[in-house]
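To start, the structure itself, in structure tokens.
Taken together, the values in this text are just the output of simple stated rules run on the coordinates, not laboratory data. What you see is a predicted model; the values in this text were computed from it and never measured. Heads up, the Cβs are rebuilt from the backbone with ideal geometry, glycines too, and the neighbour counts pull from every protein chain shown.
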Amino acid sequence: MNKQNLVVVGNGMVGHQFLQSLADSGQMEQFNVTVFCEEPRLAYDRVYLSSYFSGATADDLAMGHIEEYQSWGLNVLIGEAVISIDRDTQRVHTNKGTTLFYDKLVLATGSFPFVPPVPGHDREHCLVYRTIEDLEAIKASASGAKTGVVVGGGLLGLEAAKAIKDLGLETHVVEFAPRLMAVQLDEGGGDLLRRKIEDLGVQVHTGKNTQQIVDGDDAFHRMEFADGEVLETDLILFSAGIRPRDNLARECGLEVGERGGIVINNNCQTSDEKIYSIGECALWNGRIYGLVAPGYTMAKVVVEQLIGGEKQFLGADMSTKLKLMGIDVASIGDAHGHTKGALNYTYNDQVNGIYKKIVVSETGNELLGAILVGEANDYGTLLQYALNGIKLPANPETLIVPNFGGDDAETGLGVSALPDTAHICSCHDVTKGAIFCSIEAGAQTVCDVKADTKAASGCGGCNQLLTDLVNYELEQRGVEVCTDICEHFAYTREDLYNIIRIEEIKTFESLLSAHGQGHGCEICKPLVGSLLASCWNEYILDTPHVGLQDTNDTFMANMQKDGTYSVVPRVPGGEITPDQLIAIGQVGKKYNLYTKVTGGQRIDLFGARLEQLPTIWKELIDAGMETGHAYGKSLRTVKSCVGSTWCRYGVDDSAGLAIELENRYKGLRAPHKIKFGVSGCTRECAEAQSKDVGIIATEKGWNLYLCGNGGMKPRHGDLFVTDLDKETLIKYIDRFLMFYIKTGKRLQRTSVWMENLEGGLDYLRKVIIDDHLALNETLESQMAHVIDAYECEWKRTLNDEDALKRFRTFVNSEKTDNNIVFIQERGQIRPANEVEKSVAEPIKMMV
Amino acid sequence: MTTTNEWLDLCSINDLVANSGVCALLKEEQVALFYLPNEQKVFAVGQYDPFGNANVMSRGIIGSKQGQLFVASPLYKQHFLLEDGSCLEDAAISLPVWKTQIINERVMINTA
């Protein structure tokens, strides 16, 4: 069979989705695909563009990857633009002189920012916000600027304002309409949004009609408004809407809309059936869709059409939920109540800054639209009511009025009420029916369903709904979803963590009497001991805590197979003085301990008897050492290379940073042990990428990798963010560790935690960098508390006679355990086996 | 009282650690002692871990399973009931147990 020549013009988010869907369909081999990408890089995420100024790089934003495209067999031409289409001969011509024949052509040329044609709009330092090149221009321009103005108070304009603010400029938003986000919000919602944004230090000017832009007196520009007022600024960013890029179509005679846009039918075909158009350049039913989800749907429709399917584009819901500068904003359906007879319910909480409105039908039975500002937890439920025409409860206002108690006051929409056709994930077009199919085919968990259907892996807005739905369905099928940690507590680890934090519980006893039953066990006791230590960092051998600890924590050493212990002093960053080495050597020799260098760049001393631990530690502490927490589910080591101080290739002081980090986080208890690595250059001698937290020096700062692991199932850390200064790096690590401590499961390393984290790396970035959960201040202060409360547990123990009593082998005798027997091997001791014990002469201990 | 069934003074109640264990010598035998102040009870079981072949039982965590008190081996986590020493994982194995009582803050153990 002859392959069809398929030419795709444009590689933005929608263009990329088209290729992805074609690859997913398994029909790629039917086509010779050529992709023209006019920008100097493949598709990237424009939705999160502003994160470029809060740490994300072009690589972080990238969606299309050349290796992947090549593996699909695509011919990709980067930096090459199609300049004309000859429909008679079915050929495209490019700016580099290429001419190419097509059987089918897909136009995914996107849009360009609309710049109002006011005099002076083309002055220097007047910019737009659309591409990474635009961002670089903004960055360059901002470097000499104090003030920035964004023209346009819509969704994109506010995103752009965040970008300007992140660059450190005094930020203004100028909007022509009388309120912000006039398309999505009403007056009440717009007012609240304005107040919240102004609280963040962004000045908002609404109802402003810019007349001209001229030279300023105190700043580069002066903007003059129709009402006579003026505003001086160094930088102007236009973000006043988009216009479809329809030139190619227009010039080759395809039908375009009166106000622009390539006209398409339900098959996404243009007026020439061989040519399709998708995304923001396409005009369907007189409408341009400026959101990514409808573009994705169009992309899938065209793939279906090309491989003989019947899927059609029948419009899209324009409901949105987003976080603007940390503020929740959502708008659903007919938010303004344009439908005849529509009625509103409004809830306006000025104290807490929450505004909610629902628009219901004349009969009060149907939800037509909604607006949420300040808190948008109800979005998923309201959207399902609106999309599926589900009958509203008798008092619809209960949907938005806070529920102040009352067990049966549950107003959330039961997932069982949704029809099978209900769209759960609009980004990836996944219906309730598709999710049930996935469970039917064997998916056992939310993660399975996500992997199978891609649901909730786009914007993540449907996460909660998906989880509820999957758990509901699993329960219906009799699959027990038990997350209790043990028979004594009907809670998850995170539940207990939150209870301990909120109720400020300080002991296991009080937690058990208030929230548990029985006596506890070897599962919940160390778990609660660890949680209490993570939260309050009290001395672990205090009377209420001592019975909770595993033997390693109890004796602050690691029990070996014969009941003896190993001892590991802390060696921060692996840096150790000759005197300290000698001191360790002397202790090893005096107590006849087996010594071995560990993987974490320190020295382990084996074969210490219980009663020897205090004297061993006294000698180590006198030599200036402190406990290494090798026994705890806590920070272990920060491995490092020597870095730029000595190494010819090093670009920064990795050893210095490693020591600082190890001293900062030592003693921090967590769901499991935590290891760090810091490398001074990309040669990566410290193997940082195999650590929970890995840091690698670059010419411009530090790259941060998270959630790597050695051990049984090795995992490379994910590159979280690049080129950080030290202060920001430490802030992110504080947040990361505390977020892991808060949400990790018992004995879950960060690698597994990350793999089960809904939304994965992107979600973690949102939490840690964008403060998506508004949690960072709390996490940082919690970390500060743990750091302040640090003390060397061994030092404390040596000064505590009661605690020391515990280190007696026998409470009523000075004798030693005669079952501990050593054999000499390679010049050191090792435990005797059972046969050897029966014949061997015990080695005399020196103490 | 006979010589094989006598009450011996083992140690002071202050030698014990509440809700946890310590070890005492009963003649040449190692005994793990667990003190539960809420129950005002001291349990005595063998210190030797028959799975790990080491004298470590007093360093295990105590807990309950469906109301029955146990100690979990610190080496390989098998559960032994404090009441009768039986192992929940292996019915063929058990720890020796002794009767105890507290008299005038002294821990008395029955040698039978």
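With the crude spin-label approximation of a point 7 Å out along Cα→Cβ, what separation in nm comes out for B:Glu89 versus A:Asp218?
About 7.6 nm, to one decimal.
Starting from one equal scatterer on each C-alpha and no solvent at all, send me the Debye-based log10 I(q)/I(0) for segment A:635-788 at q = 0.08 Å⁻¹, two decimals.
Debye intensities relative to I(0), on a log10 scale: -0.20.
Give the shape of segment A:749-810 as rounded, prolate or oblate, defined through the alpha-carbon gyration tensor: a ≥ b ≥ c are the square roots of its eigenvalues, a/c under 1.5 means rounded, and otherwise the shape is prolate if a/b is larger than b/c and oblate if not.
oblate
Label points 7 Å out from Cα along the Cβ direction at A:Asn756 and B:Ile13: separation in nm?
4.4
Based on DSSP, what percent of beta bridges with both residues in segment A:144-241 are antiparallel, to the nearest 5?
40
Taking a quarter of the surface of the convex hull around the Cα atoms of segment A:254-293, what do you get in nm²?
2.6
State, to one decimal in nm², a quarter of the convex hull surface area for the C-alpha atoms of segment A:493-549, i.e. the direction-averaged projected area.
3.4
Quick one: compute the contact order of chain A, relative version, from alpha carbon pairs under 8 angstrom and 6+ residues apart, as a percent.
So the answer I get is 7 percent.
Taking the Cα centre as origin and putting +1 on Lys and Arg beta-carbons and -1 on Asp and Glu beta-carbons, what dipole magnitude results for segment B:7-100, to the nearest 20 debye?
180
Treating the beta-carbon of each Lys and Arg as +1 and of each Asp and Glu as -1, no other charges, what is the dipole magnitude of chain A about its Cα centre, to the nearest 20 debye?
Charge dipole, chain A, about its Cα centre: 2160 debye, nearest 20.
Just subtract the alpha-carbon distance of A:Asn266 and A:Arg195 from 0.36 nm times their residue separation and send over the number in nm, one decimal.
Between A:Asn266 and A:Arg195, full extension yields an extra 21.4 nm.
Distances longer than 25 Å among the Cα atoms of segment A:126-240: what percent of all pairs is that?
Tail fraction, whole percent: 16.
Set the Förster distance to 60 Å, then compute FRET efficiency between B:Phe51 and A:Cys647 from the Cβ-Cβ distance, nearest 0.05.
For B:Phe51 and A:Cys647, the calculated efficiency is 0.75.
As a test of the formula, what do you get for chain A when each DSSP H run with n ≥ 4 contributes -39,500 (n - 2.57) and the sum is divided by the residue count, at 222 nm and rounded to the nearest 500 deg cm²/dmol?
Rounded to the nearest 500, it is -9000 deg cm²/dmol.
What is the distance in Å between the Cα centres of segment A:598-637 and segment A:313-368?
Distance between centres, Cα-based: 61 Å.
For helix A:132-142, report the angle its Cα long axis makes with the longest principal axis of the Cα atoms of chain A; keep it between 0 and 90° and round to the nearest 10°.
Taking the Cα atoms of chain A, the angle to A:132-142 is about 80 degrees.
Using Cα centres only, tell me the gap between segment A:423-441 and segment A:494-567 in whole Å.
Using only Cα atoms to place each centre, the spacing works out to 42 Å.
Give or take rounding to whole Å, what are the principal axis extents of the alpha carbon atoms in segment A:486-637, in descending order?
Extents along the principal axes, in whole Å: 52, 30, 25.
Taking the Cβ-Cβ separation of A:Arg259 and A:Glu494 as r and a Förster radius of 56 Å, what is the calculated FRET efficiency to the nearest 0.05?
0.65
Where Lys and Arg each count +1 and Asp and Glu each count -1, what net charge lies around A:Tyr539 among other residues with Cβ under 10 Å from its Cβ?
With Lys, Arg at +1 and Asp, Glu at -1, the net is -4.
How high is the relative contact order of chain B, in percent, with contacts defined as C-alpha pairs under 8 Å that are six or more residues apart?
Over chain B, the number comes to 27 percent.
Need the C-alpha centroid separation for segment A:779-814 versus segment A:89-120, integer Å.
70
Determine, at each q value in 0.17, 0.28, 0.33 (inverse angstroms), the log₁₀ of I(q)/I(0) that the Debye formula gives when each Cα of segment A:179-228 is one equal point scatterer.
-0.67, -0.98, -1.10
In whole angstrom, and with the biggest value first, how far do the Cα coordinates of the protein assembly as shown range along each principal axis?
Result, largest extent first: 112, 72, 69 Å.
Between B:Lys77 and B:Glu28, with labels modelled 7 Å along Cα→Cβ, what's the label distance in nm to one decimal, could you check?
Simple spin-label model gives 3.6 nm for this pair.
When a footprinting reagent is the concern and you count Cβ atoms within 10 Å, what order do A:Cys681, A:Cys641 take, fewest first?
A:Cys681, A:Cys641
From zero outward in steps of 5 Å, how is the percent of C-alpha pairs of segment B:7-100 spread across the bins?
Bin by bin from 0 Å, the calculated values are 3, 15, 29, 27, 17, 8, 2, 0.
Given contacts defined as C-alpha pairs under 8 Å and at least six residues apart, what's the relative contact order of segment A:635-788, whole-number percent?
After rounding, I find 18 percent.
If the viscosity is 1.567 mPa s and the temperature 4 °C, what translational diffusion coefficient in µm²/s does Stokes-Einstein give for segment A:779-821 when Rh comes from Kirkwood over Cα pairs?
Once the numbers are plugged in, D ends up at 96 µm²/s.
If you take every residue apart from A:Glu699 with its C-beta less than 12 Å away from the C-beta of A:Glu699, what net charge results, scoring Lys and Arg +1 and Asp and Glu -1?
Summing Lys and Arg as +1 and Asp and Glu as -1 gives -1.
Enter the angle in degrees (range 0 to 90, nearest 10) between the Cα long axis of helix A:613-622 and the first principal axis of the Cα atoms of chain A, meaning the one along which they spread out most.
Result, in degrees: 70.
Compute the angle between helix A:524-536 and the longest alpha-carbon principal axis of chain A, please, reported from 0 to 90 degrees and rounded to the nearest 10.
Here the helix axis deviates by roughly 70 degrees.
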